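Worksheet: one structure, shown below.
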C-alpha cells in the first residue's frame, strides 16, 4: 500500500508582532489525490504551530509527540521559546535519522515568545534554520518562493502578510499538481495566542 504523502506547499512568515503559518490542503499517494481537506498546519502549544511536508502519518505523530513534550517542558522549566521547541524537535528527528528509521518529513515551526515572532525550518535529519523572514517547504515551494521574494518586506503588517502568503499559495496551487485542496489553512500567532484565519477573510482583505 502506498503511504499518504503531503506533496504540498507550506509557508511561514515573520511579520510585525506576529508569525503567519499556512499550507494547502491536498494530500496524495503517487499520482492519486488522496484528500483535498488534509490539515497540514498543526497546533502544538498555545503559541506554537508546525507545518508538515512529507509523509502525513509521520508529521501527525510528531505533532502529538511535540505537544506532549512541550507541556512537560513548560511544567518543569516555564516558558517554552520557539528556539527551544525547534531544538527539541530537531533532536527527535536526529535520533530517528540515526536509528535508520527516519521520519520522512520537513517541518516549519513557527510561534511567538517573549523575544517576538519566529519561524524555523527543520529537515528530516534535524538540521535547523532560523528563517528570520520567511520559510517554505514542499513540492510547490519553488513557485511560491518567487512571490514571497518579490513582495516581502521586513516588519510588514499582519494584513499585508496574509495577502502575500495567500497569493504565494495560489501560485503554487495553480502550477504544482501536488498542491491544492478545497481551501488553505492559515494561523496567525501573536502574544495573545493563535488565531485561525478563514480564507474568505483573506480574500476580503485582497479586494
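The values are calculated or read from the model by the stated rules, or taken from the named source; none is laboratory data. The structure displayed is predicted, hence computed values, not measured ones. We place every Cβ from the backbone using ideal geometry, glycine too, and count neighbours over all the protein chains shown.
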Kindly check whether there is at least one residue in the range 71-79 that is crowded, with 16+ Cβ neighbours inside 10 Å and either under 18 Å from residue 185 (Cβ atoms) or touching a strand residue (DSSP E or B) at 6+ places or on another chain (Cβ under 9 Å) (or both). no
Given the options 167, 121, name the one that is surrounded by fewer than 20 Cβ atoms within 10 Å (Cβ to Cβ) and either under 16 Å from the mean Cα position of the chain (by Cα) or farther than 19 Å from residue 64 by Cβ (or both). 167
Hey, any hits in the range 48-56 for a residue that's without any contact (Cβ under 8 Å) to a residue 40 or more places away in the chain and either crowded, with 21+ Cβ neighbours inside 10 Å or part of a helix (DSSP H, G or I) (or both)? no
Across the range 149-187, the tally of residues that are in a helix (DSSP H, G or I) and either in contact with a helix residue (DSSP H, G or I) (Cβ under 6 Å, 6 or more places away or on another chain) or at positive phi (or both) stands at 11
Anything in the range 125-138 that is in a loop (DSSP other than H, G, I, E, B), surrounded by 17 or more Cβ atoms within 10 Å (Cβ to Cβ) and in contact with a helix residue (DSSP H, G or I) (Cβ under 6 Å, 6 or more places away or on another chain)? List them, or say none. 126
Against the definition (at pLDDT below 95, assigned to a loop (DSSP other than H, G, I, E, B) and in contact with a helix residue (DSSP H, G or I) (Cβ under 9 Å, 6 or more places away or on another chain)), how does residue 8 come out, yes or no? yes
Kindly indicate whether residue 22 is crowded, with 16+ Cβ neighbours inside 10 Å, part of a strand (DSSP E or B) and either in contact with a helix residue (DSSP H, G or I) (Cβ under 9 Å, 6 or more places away or on another chain) or touching a residue at least 60 places away in the same chain (Cβ under 8 Å) (or both). yes
